[in-house]
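Read the structure below first, then the notes.
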Amino acid sequence: MIRLEKREVPEAIRTKLADRTQRYLALLAAGDTVPESLLNAYRDREVKLLLRAETSDKCAYCESKVPHVGHGDVEHMLPKAVRPDLRFDYNNLTYACAVCNGHKGDFYNAEAQLLHPYEDEPGEHLFALGSMVMRVPTSDRGFVTQRRLQLNRGALVERRTERLEAVGALMDQIARATNPAVRSVLEDQVRQECAEDKEYTMVVRSYVKSVGEFLAI
């Protein structure tokens, strides 16, 4: 999990979301039935495309490349059940895989909230140990986030291990490189593998930082 940044929303989309919020809250206040078309309007294709761009097509929580395994969900960071007024608020939306979204559900605990991908610094609560994402022992929020989202579920650990082995092969090549030009190219490849748009940036960066100390990179 890494910290993300919200992008500017086009005025037309922002206005559309505000109008939906107004209609939705008015229906709730009147006790009227909210049509399905409005209930699910937060999944608007334009909104989803913006969120996918923000997360580089990755799940905001586990960092899996979502299109590899499914369509992905428009996720409410503060659950709709807790904050119905934020149902269409773009700042409360992100992009997540169906698995993380399912594990998260409507969970909310004011005293130990799940980490917020845009407002919190995940590194203050979680850290990578090989292919595992561990919680900082003093962080209740790290504990809750790790356990609730099951960030070390088998499929995730397996895929992270594959990523680390691929990056490890590059590090081995750097260790054996005698030509400065070749080493420079390999080091650039490693830097690219640490970019925010790559899968499992958190664990890859941690691995590269640790191994890099032996290779002076």
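Some points to look at:
- Test: residue in region 139-154 that is open to solvent by 70 Å² or more (accessible area, probe 1.4 Å) and free of Cβ contacts under 8 Å to residues at least 24 places away in the same chain: yes
- Of the residues making up region 63-77, those that are in a loop (DSSP other than H, G, I, E, B) and over 17 Å from Met1 (Cβ atoms) are Val69, Gly70, His71.
- Just one residue in the set Ala169, Ala177 is of a type outside the set (Lys, Arg), surrounded by fewer than 13 Cβ atoms within 10 Å (Cβ to Cβ) and either on the phi < 0 side of the Ramachandran plot or over 17 Å from the mean Cα position of the chain (by Cα) (or both); that residue is Ala169.
- Per the conditions (1) open to solvent by less than 10 Å² (accessible area, probe 1.4 Å); (2) free of Cβ contacts under 8 Å to residues at least 60 places away in the same chain; (3) of a type in the set (Ser, Thr, Tyr), the sole criterion not satisfied by Tyr61 is (2).
- Breaking point among (1) assigned to a loop (DSSP other than H, G, I, E, B); (2) crowded, with 18+ Cβ neighbours inside 10 Å; (3) β-branched (Val, Ile, Thr), for Val34: (2)
- From the list Leu51, Leu17, the lone residue that is touching a residue at least 60 places away in the same chain (Cβ under 8 Å), open to solvent by less than 20 Å² (accessible area, probe 1.4 Å), part of a helix (DSSP H, G or I) and among the hydrophobic types (A, V, I, L, M, F, W, C) is Leu17.
- None of Ala81, Ala60, Ala12, Ala29 is more than 21 Å from the chain's Cα centre (by Cα) and outside any helix (DSSP H, G or I) except Ala81.
- For region 88-104, a tally of residues being open to solvent by less than 30 Å² (accessible area, probe 1.4 Å) and either at pLDDT below 95 or out of contact with any strand residue (DSSP E or B) (no Cβ under 9 Å at 6 or more places or on another chain) (or both) returns 2.
The values are calculated or read from the model by the stated rules, or taken from the named source; none is laboratory data. All figures in this text were calculated on a predicted structure; none of them were measured in a lab. No Cβ is skipped: glycine too gets one built from the backbone with ideal geometry, and neighbour counts run over all protein chains shown. For the accessible areas, the whole protein counts, side chains as well, though only heavy atoms, and no ligand, DNA or RNA atoms are used. Shrake-Rupley method; radii C 1.70, N 1.55, O 1.52, S 1.80 Å.
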